[in-house]
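Okay, so here's the structure we're looking at.
Any read-out appearing in this document is the output of simple, stated calculations on the displayed coordinates, not a laboratory observation. This is a predicted model, so every value here is computed, not measured. With ideal geometry, Cβ positions are generated from the backbone for all residues, glycine too; neighbour counts draw on all protein chains shown.
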Amino acid sequence: MKEWDWDTYYAISFRVGMVLSLAFTCLSFILMPREIRYKPYVPKKEIETVMEQLPPELQQLTEPPPVERPKLAVEAEKGEEVEETTIAPTEFREVIPKKAEEVEIPIVPYWKVEKKPEPIYIPQPKYPERARQAGIEGQVVVKALLNIDGTVMDVEVLKSSGNDALDEAAVSAARQARFTPAMQRENPVRVWVSIPFNFKLRGQ
């Protein structure tokens with residue numbers, strides 16, 4: 001018995017299918033109508049237009065008056081015209097904003113402060129030239145009032161050196177000092193602190 005050749009069977013089936021497809025396509029074009037005509041729509045009843053006259057009351061109605069447009073500004077030719085058309089001055093009331101209520105921040109004694117302030121930056125005071133030439137030395141102790149952010153609000157001389165130039169240099173340096181905020185019950189407070197400054201010439 002001869003074995004079945006699948007390749008030959010597949011080739012023959014493919015060709016037969018192609019021939020049938022082409023034949024079906026040609027027949028569909030031949031059998032389809034060449035022209036398709038559409039008939040326009042014709043209403044069953046004719047629509048008549050009837051013109052009616054308006055009643056005399058509506059015929060006597062007048063047209064609304066025209067809207068006057070604002071006139072454009074025209075440059076005056078004479079000074080008299082300018083004086084006549086000058087707009088009167090407008091008075092404005094001055095509104096003064098209310099000041100926010102100032103909250104008084106207490107100044108707590110240093111020994112009562114729960115968290116003491118710590119120095120962040122204390123500048124070295126500039127040695128006065130007059131005191132340097134005169135060979136004057138000394139120590140100045142100042143007290144500085146710290147704000148809630150650690151900046152210095154006020155400075156006073158607590159212990160003078162006996163020389164005004166040295167005292168002024170110490171006060172000027174203390175104003176530029178910075179500290180950590182003092183805390184009392186987890187709130188920043190103001191506090192006085194003391195800062196010593198020593199003035200000593202080199203080589204002596």
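With the cut-off at 23 Å, tell me which of the pairs 115/159; 112/200; 159/200; 115/200 have Cα atoms farther apart than that.
From 115/159; 112/200; 159/200; 115/200, over 23 Å: 115/159; 112/200; 115/200.
If the stretch 152-204 were replaced by its equivalent ellipsoid, with semi-axes equal to the square roots of 5 times the Cα gyration tensor eigenvalues, what would those be, largest first, whole Å? Intermediate results must be reported in sequence, preceding the final value.
Numbers: eigenvalues 160, 27, 17 Å².
In descending order, the three semi-axes are 28, 12, 9 Å.
Please express the Cα-Cα pair-distance distribution P(r) of the stretch 110-199 as a list of whole percents, one per 10 Å bin, running from 0 to the bin with the greatest distance.
Pairs per bin, as whole percents: 19, 45, 24, 10, 2, 0.
Within the stretch 116-153, which residues have the backbone N less than 19 Å from the label spot 7 Å out from residue 172 along Cα→beta-carbon, could you tell me?
122-144, 152-153
About its Cα centre, how strong a charge dipole does the stretch 110-199 have in debye, to the nearest 20, once Lys and Arg get +1 and Asp and Glu get -1 at the Cβ?
So the dipole magnitude of the stretch 110-199 works out to roughly 200 debye.
If you take every residue apart from residue 159 with its C-beta less than 12 Å away from the C-beta of residue 159, what net charge results, scoring Lys and Arg +1 and Asp and Glu -1?
After counting each charged neighbour, the total is -1.
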